[in-house]
1. Just checking, which of VAL132, VAL94 is at pLDDT 90 or above and closer than 27 Å to LEU315 by Cβ?
2. Only helices (runs of 4 or more DSSP H) wholly contained in segment 217-315 count here; list those with 1 or more residues that are in contact with a Gly (Cβ under 6 Å, 6 or more places away or on another chain) and touching a residue at least 12 places away in the same chain (Cβ under 8 Å).
3. Restricting to segment 139-178, and then to whatever is acidic (Asp, Glu) and assigned to a strand (DSSP E or B), can you tell me which residue is most open to solvent (accessible area, probe 1.4 Å)?
4. Yes or no: segment 248-262 includes at least one residue that is under 11 Å from ASN194 (Cβ atoms) and charged (D, E, K, R).
5. Taking the stated definitions as given, is GLU278 at pLDDT 95 or above, open to solvent by 10 Å² or more (accessible area, probe 1.4 Å) and within 23 Å of ARG134 (Cβ to Cβ)?
6. Would you check if there is a residue in segment 75-84 being outside any loop (DSSP other than H, G, I, E, B) and at pLDDT below 80?
7. Do we have any residue at all in segment 114-123 that's closer than 22 Å to THR299 by Cβ and either surrounded by 15 or more Cβ atoms within 10 Å (Cβ to Cβ) or among the charged types (D, E, K, R) (or both)?
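The values are calculated or read from the model by the stated rules, or taken from the named source; none is laboratory data. It should be emphasised that the depicted structure is a prediction, and the values quoted were computed from it without experimental measurement. Methodologically, a virtual Cβ is constructed for each residue, glycine included, from the backbone with ideal geometry; neighbour enumeration extends over all protein chains shown. For accessibility, only protein heavy atoms count, side chains too; no ligands or nucleic acids. Shrake-Rupley method; radii C 1.70, N 1.55, O 1.52, S 1.80 Å.
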Amino acid sequence: MNRFAFFRPLPIDENYALSLIVWFAAGCYMVALIPNLAGVLLAFLAVPLILQIPLYATAPFFAADRPHDEANSRILFTFMLLVSVYFTTSHSWVRFVAWGFIALFPIDAIAKVITEPIALLAPNNEWLGPVVSRFETSGKEVWLTIDDGPTADTHALLDLLHAQGVHATFFVKGRLATRELIDAVIAKGHTIGNHTQNHPSSMFWCASRETTAREIDDCAARIPPTTLFRAPVGHKNRHLHALLAERRMKLIGFNARAYDAVVRDPHKIANTIAKQIEPGAIVVLHQGRPWSLEAIARTIDAIRERGYSLVIPSL
């Protein structure tokens, strides 16, 4: 989601609504300066070019091999803000345009406070970019995903899944990913997903671009190539979608969960998941807790009792 924002990267040529706002305000300022037909023509024809001047003037200060949309946005809006402040002193109609443009900044700040926590912390929210929260199926099928491994119970878990005839996707932490355990998971017909190197659950939502990239890449270096990524506890940040797109990876969410990383009752976990499933549901469970194996076994049984099968979909 590209929203109007002063303190976030916003490529002007990709956000047409914002472009129109800037064009309209700058055009009004031009007409106020030249209140005749020439001013109107300049407002419609020359303003787009004039607005590029501060961007081209500062371009030499940025590395040619790095995108600088964020810097461009800040430069352009600083320029427009200063011009708007000047026109608030006018006694003509243009002062209302200027005050209106300035008012957008506190409005955006308030909107950001309200909406950004939802966009960052809600696992399936797509305001910032796409999230796979279900898969297409014509039957009663669900996808079992298991997070936070590989842990000491991995072999026991693989035996359990094999006995049940179930295949799952393991979203693993890179720092726990030993070759022996990863090979064991794959040998049993399961798939692997990237769950970051260190699982920084308390700060991933506010991590920098560099930190986010390092978490993805360090984990990727320790597991087989995969296009699947799941964020720690489902929390996103402002850089994640762009980084995943660069790596041709998909952000995998979930729509059936029981908070089994902290809820200790396997029976309650299984019942909670069973009530949430529907065709194409993505189930998330965790390994590595004392109750994990029983919770996973009970959940599989509860899902099957409802007539569903567990599959790994092709995305």
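1. Working: VAL94 fails: closer than 27 Å to LEU315 by Cβ.
Matching residue, one of VAL132, VAL94: VAL132.
2. Details: elements: 240-246, 266-276, 292-305.
Passing ranges, in order: 240-246.
3. Going through segment 139-178, the residues acidic (Asp, Glu) turn out to be 141, 147-148, 153, 159.
Those left that are additionally assigned to a strand (DSSP E or B): 141, 147-148.
Details: GLU141: 57, ASP147: 6, ASP148: 9 Å².
Checked segment 139-178; the qualifying residue most open to solvent (accessible area, probe 1.4 Å) is GLU141.
4. Applying the first criterion (under 11 Å from ASN194 (Cβ atoms)) to segment 248-262 yields 249-252.
Restricting the remaining residues to those that are charged (D, E, K, R) gives 250.
Taking every residue of segment 248-262 in turn, at least one turns out to be under 11 Å from ASN194 (Cβ atoms) and charged (D, E, K, R).
5. Numbers: at pLDDT 95 or above: yes; open to solvent by 10 Å² or more (accessible area, probe 1.4 Å): yes; within 23 Å of ARG134 (Cβ to Cβ): yes.
So GLU278 fits the description; yes.
6. The answer is yes; a qualifying residue exists.
7. Going through segment 114-123, the residues closer than 22 Å to THR299 by Cβ turn out to be 123.
Now drop any that are not either surrounded by 15 or more Cβ atoms within 10 Å (Cβ to Cβ) or among the charged types (D, E, K, R) (or both), which leaves 123.
Yes, segment 114-123 contains at least one residue that is closer than 22 Å to THR299 by Cβ and either surrounded by 15 or more Cβ atoms within 10 Å (Cβ to Cβ) or among the charged types (D, E, K, R) (or both).
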